[in-house]
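Accompanying notes for the structure given below.
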Amino acid sequence: METTRFSIILVLILLVSCQSKNEPQQIDCQPPATLIAKAPCESGYPGVQLVASSYVAGSATQFIYRIFVQKDTLSSDLIKSSYANASNEQIIISDTILKDAPKFVAQVSINCGTGKDYPSKYFAFVKRPATNPGCYVWALQNL
């Protein structure tokens, strides 16, 4: 009876100690919850400027952007990214990558120096006309 109690207490202590080691890492490294896509008329850059925000990171942070170019506005093909690159909170995706696509999906992973990437949700953007002739905006679309 005493051996069984001792075993149960030992297992509980091990579980609690494992959880406390993993929690700070998850709290200190969270991927962006928000991604904004700015078209050339908004940003002044050719292509699209992506700006990630609402994340939690340590001092050694790297963002990995994965872009999935879609052939139409109804597509959601997320099997193979068309483009992947590392950057900071902002990156410019050139028009040569987007190839006049009406929609693209982006995912931003964050690496806080832990050796593990923490991916964000997928963000879908659809090209929409703007009030200024010759301009367009990238509107966030729910997946």
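The values are calculated or read from the model by the stated rules, or taken from the named source; none is laboratory data. Since we're looking at a predicted model, the values are computed, not measured. Here Cβ is always computed from backbone atoms with ideal geometry, including for glycine, and neighbour counts include all displayed protein chains.
Number of residues in the stretch 81-105 that are touching a strand residue (DSSP E or B) at 6+ places or on another chain (Cβ under 7 Å) and over 16 Å from Tyr45 (Cβ atoms) equals 9. Restricting the search to the stretch 48-68, which residues are modelled with pLDDT under 90 and of a type outside the set (A, V, I, L, M)? Result: Gly58, Ser59, Thr61, Gln62.
Can you find a residue that is over 14 Å from Cys29 (Cα atoms), among the basic types (Lys, Arg) and surrounded by fewer than 19 Cβ atoms within 10 Å (Cβ to Cβ) anywhere in the stretch 47-68? So far as the stretch 47-68 goes, no, none of its residues is over 14 Å from Cys29 (Cα atoms), among the basic types (Lys, Arg) and surrounded by fewer than 19 Cβ atoms within 10 Å (Cβ to Cβ). Would you mind stating whether Gln90 is in contact (Cβ under 8 Å) with a residue 24 or more places away in the chain, closer than 30 Å to Gly134 by Cβ and touching a Lys or Arg at 6+ places or on another chain (Cβ under 6 Å)? It is false that Gln90 is in contact (Cβ under 8 Å) with a residue 24 or more places away in the chain, closer than 30 Å to Gly134 by Cβ and touching a Lys or Arg at 6+ places or on another chain (Cβ under 6 Å). Looking only at residues that are assigned to a loop (DSSP other than H, G, I, E, B) and at pLDDT 90 or above in the stretch 83-99, which one is surrounded by the most Cβ atoms within 10 Å (Cβ to Cβ)? Here the residue is Glu89.
No other residue among Lys80, Lys71, Lys38 is surrounded by 10 or more Cβ atoms within 10 Å (Cβ to Cβ), of a type in the set (Lys, Arg) and either at pLDDT below 90 or more than 20 Å from the chain's Cα centre (by Cα) (or both) apart from Lys71.
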